[in-house]
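See below for the structure under consideration.
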Amino acid sequence: MIRVLTADPLSLDADGLVRPVGGDLEGVHGWSRDAGLRAGPEVLRRLEAMGGLPVGAAVVTPGGGLSVPYLIHAVLFSREEPLSTPGALRALQNALRRASEWEMASLILPPLGLGAGMFDTETLAAVTLREVERHMAEHAWPSEVTIPVREGYEESVFRGALP
């Protein structure tokens, strides 16, 4: 099941939360930076030990101080590779693979790449929902994906793109 909710990603409960990051593993949105801080110093140390990651990578850490057991850090861009549809799609696919490998039944998947200088909402909604549907048809996990969006335009576009 795919649900679109108007909610702050950090206010929801699930087995995992996808956190969009840059190649330096820093959050790319205010809420994703807050997620790193709230997860705690142990999680941040684990990320620092990994060093920079390539665009499209997705790595799992404990959720630390967050309400979710796991964080999936999905790399959308780096200094060497700017934000692009293929890179963001790789990050989304790999985040879904990590959720499946770790047998996460429920996943919070905020739109990856929304914001100033990023993707337009219509394109992102279509790509995201198509990829989540494809993944769910082929894998047992996750069986529930929640896409938290902002009220208004973002909500109407994502709800309109639901199957």
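The values are calculated or read from the model by the stated rules, or taken from the named source; none is laboratory data. Only a predicted model underlies this, so the values are computations on that prediction, with no experimental measurement involved. Virtual Cβ from ideal backbone geometry, glycine too; neighbours counted across all protein chains shown.
Observations
- Selection status of ASP8, under 19 Å from LEU114 (Cβ atoms) and acidic (Asp, Glu): yes
- In the range 99-120, the residue that is farthest from ALA58 (Cα to Cα) out of those that are among the charged types (D, E, K, R) and modelled with pLDDT of 95 or more is GLU103.
- Which numbered condition VAL59 fails, given (1) without any contact (Cβ under 8 Å) to a residue 60 or more places away in the chain; (2) in a helix (DSSP H, G or I); (3) surrounded by fewer than 20 Cβ atoms within 10 Å (Cβ to Cβ): (2)
- Cβ-Cβ under 6 Å pairs, at least 6 apart or on other chains, the range 88-103 side buried (at least 21 other Cβ atoms within 10 Å of the Cβ), far side part of a helix (DSSP H, G or I) and not basic (Lys, Arg): LEU92/GLU131; LEU96/HIS135
- Checked against (1) in contact with a Gly (Cβ under 8 Å, 6 or more places away or on another chain); (2) part of a helix (DSSP H, G or I), LEU53 passes all but a single condition, namely (2).
- Scanning the range 1-22 for residues that are touching a helix residue (DSSP H, G or I) at 6+ places or on another chain (Cβ under 8 Å) and either charged (D, E, K, R) or part of a strand (DSSP E or B) (or both) yields ILE2, VAL4, THR6, ASP8, ASP15, GLY16, LEU17, VAL18, ARG19, PRO20, VAL21.
- Here the condition is being surrounded by fewer than 21 Cβ atoms within 10 Å (Cβ to Cβ), on the phi < 0 side of the Ramachandran plot, out of contact with any Gly (no Cβ under 6 Å at 6 or more places or on another chain) and outside any strand (DSSP E or B); of ARG45, ARG38, ARG33, it holds for ARG45 alone.
- Candidate set from the range 105-163 (those that are in contact with a helix residue (DSSP H, G or I) (Cβ under 8 Å, 6 or more places away or on another chain) and of a type in the set (Asp, Glu)); member that is surrounded by the fewest Cβ atoms within 10 Å (Cβ to Cβ): GLU122
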